[in-house]
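The values are calculated or read from the model by the stated rules, or taken from the named source; none is laboratory data. In this text, all values refer to a predicted model and were calculated from it rather than measured experimentally. Cβ sites come from the backbone with ideal geometry, for glycine too, and all protein chains shown count toward neighbours.
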Amino acid sequence: MEIRWLEDFLALARTRHFSRAAEQQHVSQPTFSRRIKLLEESMGTTLINRQTLPLSLTPAGEVFQELCERITREVRDTRDRIAALDAEASARISVGSTQGLFSHFYQGWATEMGIAERLQLNLTATNWVGEQFLDALESGECDLVLCYWHPDLPWGDRLASDKFQWQTIGREALVPVSIANEQGEPRYRLPGTNEQPVPLIAYHSRGFLQSAIDGHLQRGKLPANLLPLNENTQSASIKALVKQGFGMGWLPKRMTEKSEQFGRLVRAGDERWDVPLEIRLIRLSDARSDDILNLWKQLET
């Protein structure tokens, strides 16, 4: 049974005339009559008394009319609600965020700024790596990008071009952490030695963070002896491996706070090893809508 059959029946109940009802439903009379017959067969009873002029409803037809009115009304109301939701979603500004910022920064920041209802997170962005965020901006997959920034990004020149604009909306630090031994000391401690390098759970070389760590160590002339075990694109994956004792790793400070508080993770080095980061919001200079520009001006003030 189809919804349009119910609408056909209601049109016939109003007009009490097959030809006029068919005209209202924009179909030929034979097609309309066939639909009504199929409807009666589906219900297993006669709904229309064809022996009267004008046509009339059988007792079963009157009961069925009430059902049709209720169902079509609920379908119409549901369609309206869905259309409103779609309109609201399309009006929201799409944000692509790195996984770490999505988990430990985005919601608090958006709520504090009073803009959470105006934004729509693009959840596929948590799988993007490095420059893919800028590619997504250019292709229209998202309107804004929330990411870490530091001066050692290998593709920082691209971000510095006239094609993009950005705001610094927060600051973060990558902190070296390890699980603790029985004495509460880090099992893996920086800087390590040539004979016994520190096992490292590293970030993906194309991401935002590994180049920040490498650049910080070089500028600070910090003699780290590291043995990278693998590469991960997401801080959560690094944290999981560090907590299982496979090695040490650098994690965003926001991500380590609870684990450090309960002693599950401890510092693997003093503050010299902390890597400073900016949290930036990026958009195309040629914004796609006035909503993006209005939001941007609000954040600037």
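Given the criterion within 30 Å of Lys258 (Cβ to Cβ) and either surrounded by 11 or more Cβ atoms within 10 Å (Cβ to Cβ) or of a type in the set (Phe, Trp, Tyr) (or both), identify the matching residue among Arg118, Arg34, Arg20, Arg92.
From the options Arg118, Arg34, Arg20, Arg92, the qualifying one is Arg118.
When you go through (1) out of contact with any Pro (no Cβ under 7 Å at 6 or more places or on another chain); (2) touching a residue at least 12 places away in the same chain (Cβ under 8 Å) one by one for Asn225, which number turns out not to apply?
(1)
Taking Arg171 and the conditions (1) more than 25 Å from the chain's Cα centre (by Cα); (2) within 19 Å of Thr256 (Cβ to Cβ); (3) surrounded by fewer than 18 Cβ atoms within 10 Å (Cβ to Cβ), which numbered condition does it fall short on, given that it satisfies the others?
In the conditions (1) more than 25 Å from the chain's Cα centre (by Cα); (2) within 19 Å of Thr256 (Cβ to Cβ); (3) surrounded by fewer than 18 Cβ atoms within 10 Å (Cβ to Cβ), Arg171 misses (1) alone.
What residue, of Arg219, Arg280, Arg264, Arg272, is of a type in the set (D, E, K, R) and within 26 Å of the chain's Cα centre (by Cα)?
Among Arg219, Arg280, Arg264, Arg272, only Arg280 is of a type in the set (D, E, K, R) and within 26 Å of the chain's Cα centre (by Cα).
Quick check on my filter: what residues within segment 6-37 are within 21 Å of Arg70 (Cβ to Cβ) and aliphatic (A, V, I, L, M)?
Leu6, Leu10, Ala11, Leu12, Ala13, Ala21, Ile36
Would you please list the contacts, defined by Cβ atoms under 6 Å and residues six or more apart or on different chains, that run from a residue in segment 229-250 that is under 15 Å from Val129 (Cβ atoms) to a residue that is part of a loop (DSSP other than H, G, I, E, B) and small (Gly, Ala, Ser)?
As it stands, the answer is Thr233/Gly207, since those pairs meet every condition given.
Looking only at segment 47-62, count every residue that is β-branched (Val, Ile, Thr) and either closer than 14 Å to Asp8 by Cα or exposed (fewer than 13 other Cβ atoms within 10 Å of the Cβ) (or both) and tell me the total.
Total meeting the criteria: 2.
Mind checking which residues of segment 152-163 are surrounded by 17 or more Cβ atoms within 10 Å (Cβ to Cβ) and more than 17 Å from Val275 (Cα to Cα)?
Leu159
For a quick check of your reading of the model, give me the residue pairs whose first member lies in segment 265-276 and is in the same structural domain as Ala173 (by TED's automatic domain parsing), whose second is aromatic (Phe, Trp, Tyr) and outside any loop (DSSP other than H, G, I, E, B), with beta-carbon atoms closer than 7 Å and at least 6 apart or on different chains.
From residues that are in the same structural domain as Ala173 (by TED's automatic domain parsing), the pairs are Val275/Trp250.
Take His26 and tell me if it is within 44 Å of the chain's Cα centre (by Cα) and surrounded by fewer than 18 Cβ atoms within 10 Å (Cβ to Cβ).
When the stated conditions are applied, His26 passes them.
Considering segment 124-137 alone, what residues qualify as being surrounded by 11 or more Cβ atoms within 10 Å (Cβ to Cβ) and in a helix (DSSP H, G or I)?
Residues satisfying the conditions are Thr124, Ala125, Thr126, Gln132, Phe133, Leu134, Asp135, Ala136, Leu137.
For the structure I just gave you, tell me whether Gln65 is touching a residue at least 12 places away in the same chain (Cβ under 8 Å), closer than 30 Å to Ser33 by Cα and surrounded by 10 or more Cβ atoms within 10 Å (Cβ to Cβ).
yes
Matching residues to (1) touching a helix residue (DSSP H, G or I) at 6+ places or on another chain (Cβ under 8 Å); (2) closer than 26 Å to Met113 by Cβ:
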| residue | (1), (2) |
| --- | --- |
| Gly215 | no, no |
| Leu222 | yes, no |
| Asn225 | no, no |
| Ile238 | no, no |
| Gly247 | yes, no |
| Arg254 | yes, yes |
| Ile279 | yes, yes |
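Report whether or not Thr98 is at pLDDT below 90, touching a helix residue (DSSP H, G or I) at 6+ places or on another chain (Cβ under 8 Å) and either surrounded by 12 or more Cβ atoms within 10 Å (Cβ to Cβ) or not assigned by TED's automatic domain parsing to the domain that holds Arg254 (or both).
no
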